[in-house]
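Student: Can you read through this structure? Questions will come right after.
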Amino acid sequence: IEVVNELINLFLVAILTTHPQDLAERESRRYGLRECTMLGGVKKAHPCEPLEKQIDGFNKNRVIYVGDTIVDVELANSYQLVSVALAHEFGYHSQETLEQARPKHLIHSLEELPLLVNNILEEMVVH
């Protein structure tokens, strides 16, 4: 939670989840997550609908999508977003399975995310 809160302080953050909206909001408050856009009730069959609304008007090359499933990676890649796969011990898919989905980046814990985001942003400035 601390890592996500750190990113919320610096960037526009949206969290997509299959949990119902009210449950997602209650969970975020219970865990001490700072105010951010929470999109609950995302349907597994059509996860792109809320994503399309969130990224409309943004440069897609500057949107970083972090997820721990192959669906997350495939969705990010299909929208030409910067895909980051999170391969952790409680994740839905193994590192090998996530690698097969071809994420642009792979991390093993959220603690790695701030440094990775910084590196991605520096790379964007260079290009």
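Student: Being farther than 19 Å from LEU121 by Cβ, open to solvent by 40 Å² or more (accessible area, probe 1.4 Å) and modelled with pLDDT of 80 or more is the requirement here; does ILE64 meet it?
Tutor: Judged against the criteria, ILE64 is not a match.
Student: Restricting attention to the stretch 52-59, does a residue exist that is within 24 Å of GLU123 (Cβ to Cβ) and at pLDDT 85 or above?
Tutor: The answer is no; no qualifying residue exists.
Student: Hey, another quick one. Being modelled with pLDDT of 80 or more and surrounded by 14 or more Cβ atoms within 10 Å (Cβ to Cβ): is that true of LEU81 here?
Tutor: yes
Student: Could you check the stretch 71-127 and list, in sequence order, the residues that are under 20 Å from PHE58 (Cβ atoms), touching a residue at least 12 places away in the same chain (Cβ under 8 Å) and of a type in the set (Val, Ile, Thr)?
Tutor: VAL73, VAL82, VAL84, VAL117, ILE120, listed by residue number.
Student: Quick one: in the stretch 2-20, which of the residues that are in contact (Cβ under 8 Å) with a residue 40 or more places away in the chain and surrounded by 15 or more Cβ atoms within 10 Å (Cβ to Cβ) is farthest from ILE55 (Cα to Cα)?
Tutor: Among them, the one singled out is GLU6.
Student: For the structure I just gave you, tell me whether LEU110 is at pLDDT 85 or above and either of a type in the set (Lys, Arg) or open to solvent by less than 30 Å² (accessible area, probe 1.4 Å) (or both).
Tutor: Judged against the criteria, LEU110 is not a match.
Matching residues to (1) farther than 16 Å from LEU7 by Cα; (2) hydrophobic (A, V, I, L, M, F, W, C); (3) touching a strand residue (DSSP E or B) at 6+ places or on another chain (Cβ under 9 Å); (4) not in a loop (DSSP other than H, G, I, E, B):
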position: LYS53; (1), (2), (3), (4): yes, no, yes, yes
position: GLY57; (1), (2), (3), (4): yes, no, no, no
position: TYR65; (1), (2), (3), (4): no, no, yes, yes
position: ASP72; (1), (2), (3), (4): yes, no, yes, yes
position: PHE90; (1), (2), (3), (4): yes, yes, no, no
position: GLU99; (1), (2), (3), (4): yes, no, yes, yes
position: PRO103; (1), (2), (3), (4): yes, no, yes, no
position: LEU106; (1), (2), (3), (4): yes, yes, yes, yes
position: ASN118; (1), (2), (3), (4): no, no, no, yes
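Student: Would you check which residues across the stretch 21-45 are open to solvent by 70 Å² or more (accessible area, probe 1.4 Å), of a type outside the set (Ser, Thr, Tyr) and either part of a loop (DSSP other than H, G, I, E, B) or touching a residue at least 24 places away in the same chain (Cβ under 8 Å) (or both) and list them?
Tutor: ARG34, GLU35, LYS43, LYS44, ALA45
The values are calculated or read from the model by the stated rules, or taken from the named source; none is laboratory data. As the structure is a prediction and not an experimental result, all values here were calculated from the model. Don't worry about glycine lacking a Cβ; one is built from the backbone with ideal geometry, like all the others, and counts go over all protein chains shown. We work out accessible area using only protein heavy atoms, side chains counted, and drop any ligands, DNA or RNA first. Shrake-Rupley method; radii C 1.70, N 1.55, O 1.52, S 1.80 Å.
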